[in-house]
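Engineer: Please see the structure below; I have some questions.
The values are calculated or read from the model by the stated rules, or taken from the named source; none is laboratory data. Since we're looking at a predicted model, the values are computed, not measured. Reconstructed Cβ throughout: ideal geometry from the backbone, glycine too, with neighbour counts over all protein chains shown.
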Amino acid sequence: MKFNILSFYVRRLFSGDKAFFDNLHRITRLYPKNVKLYKLAFTHSSASLRMPDGSHINNERLEFLGDAILDAIVAEYLYRNFPDKPEGFLSQTRSKIVNGESLAHLATALDINTLIISHANHFDTNKNILEDAFEAMIGALYLDQGYRATRKFVVNQLINKYIDIDTVLKTETNYKSQLLEWSQRNKSEVVFNTTAVDERAYPPQFSSEVVVGTEVAMGYGSTKKEAEQDAARLILKKLN
């Protein structure tokens, strides 16, 4: 531990941005190694960095990675803490924890909004920008510290500290209703094809394919309603 603390202060001293370094440590409770990764994580596409070859880089690739890592960590947490619950319950509960509004709230609670680099108007309160920056930070944390440290951060510093699981379980997230509202606003047809995979199983399994224009998503659940909600959740993520 002494070596880590000494190494932290050496990197902080020569990082060229002590305030940013200290904020990262305050947020993550970890000692950042590659500060450039985190700076990239907080760089919105509107403030993309132009490379010598003419290409632009921003936090979109780290956001993609962080989204997958966050999904995996929350899925593992729920799998271990709810051993008797079916897949549909686990999938819907995970989606409630990692939905855009929840991640934007976490980004604000952690003061990530103060670190974002963006040329967009009101970026510090824009839910999409906050969500993207949060997921990008998870991607940077994974590359910088590894899966185990990232999982510890998500569980201890986020789920246990900021998320009330009992409240999450009571929250009704009607993705099918949200999808139908989206289709009305955008004048696009929504078609659900829901069938039983195995009605004799316990609990029974259903699959639901939803088609919106050229986008297709497949959801699963122990009831037709659960399967359609899962499909609507997945296609909303694509459409947004």
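Engineer: Going by the conditions given, is Lys224 surrounded by 14 or more Cβ atoms within 10 Å (Cβ to Cβ) and either of a type outside the set (A, V, I, L, M, F, W, C) or touching a residue at least 60 places away in the same chain (Cβ under 8 Å) (or both)? Reasoning before the result, please.
Structural biologist: Numbers: surrounded by 14 or more Cβ atoms within 10 Å (Cβ to Cβ): yes; either of a type outside the set (A, V, I, L, M, F, W, C) or touching a residue at least 60 places away in the same chain (Cβ under 8 Å) (or both): yes.
In short, yes.
Engineer: Output the residue which, of all residues in region 55-90 that are out of contact with any Leu (no Cβ under 9 Å at 6 or more places or on another chain) and outside any helix (DSSP H, G or I), is surrounded by the most Cβ atoms within 10 Å (Cβ to Cβ).
Structural biologist: Ranking the qualifying residues of region 55-90, first place goes to Pro86.
Engineer: Given the criteria out of contact with any helix residue (DSSP H, G or I) (no Cβ under 6 Å at 6 or more places or on another chain) and either at pLDDT below 85 or within 30 Å of Arg151 (Cα to Cα) (or both), does Ala232 qualify?
Structural biologist: Working: out of contact with any helix residue (DSSP H, G or I) (no Cβ under 6 Å at 6 or more places or on another chain): no; either at pLDDT below 85 or within 30 Å of Arg151 (Cα to Cα) (or both): yes.
Here the answer is no, as Ala232 does not meet what is asked.
Engineer: Then there is this: Looking at His122, His105, which one is more than 30 Å from Lys224 (Cβ to Cβ) and surrounded by fewer than 16 Cβ atoms within 10 Å (Cβ to Cβ)? Spell out the reasoning first.
Structural biologist: On the way: His105 fails: surrounded by fewer than 16 Cβ atoms within 10 Å (Cβ to Cβ).
Criteria check complete, one pass: His122.
Engineer: Kindly list, by first and then second residue, each pair from a residue in region 61-84 that is within 22 Å of Asn128 (Cβ to Cβ) and in contact (Cβ under 8 Å) with a residue 60 or more places away in the chain to a residue that is among the basic types (Lys, Arg) and part of a helix (DSSP H, G or I), limited to pairs with Cβ atoms under 6 Å and residues at least 6 apart or on different chains.
Structural biologist: Ile73/Arg151; Val74/Arg94
Engineer: If you don't mind, another one. Lys127 passes all but one of (1) at pLDDT 90 or above; (2) closer than 30 Å to Glu226 by Cβ; which number fails?
Structural biologist: (1)
Engineer: I'd like to know if region 104-125 contains one or more residues that are within 13 Å of His44 (Cα to Cα) and either within 16 Å of the chain's Cα centre (by Cα) or outside the structural domain of Leu62 (by TED's automatic domain parsing) (or both).
Structural biologist: Taking every residue of region 104-125 in turn, at least one turns out to be within 13 Å of His44 (Cα to Cα) and either within 16 Å of the chain's Cα centre (by Cα) or outside the structural domain of Leu62 (by TED's automatic domain parsing) (or both).
Engineer: Out of (1) free of Cβ contacts under 8 Å to residues at least 60 places away in the same chain; (2) surrounded by 12 or more Cβ atoms within 10 Å (Cβ to Cβ), the odd one out for Gly146 is which?
Structural biologist: (2)
Engineer: Can you list the helices (runs of 4 or more DSSP H) found entirely within region 125-240 that contain at least 3 residues being more than 30 Å from Phe20 (Cβ to Cβ)? Write out each step before concluding.
Structural biologist: Values: elements: 127-145, 147-152, 165-170, 175-186, 224-239.
The qualifying helices (runs of 4 or more DSSP H) are 165-170, 175-186, 224-239.
Engineer: Is it the case that region 37-54 has a residue that's modelled with pLDDT of 90 or more, over 17 Å from Lys152 (Cβ atoms), under 15 Å from the mean Cα position of the chain (by Cα) and surrounded by fewer than 20 Cβ atoms within 10 Å (Cβ to Cβ)?
Structural biologist: No - not one qualifying residue is present in region 37-54.
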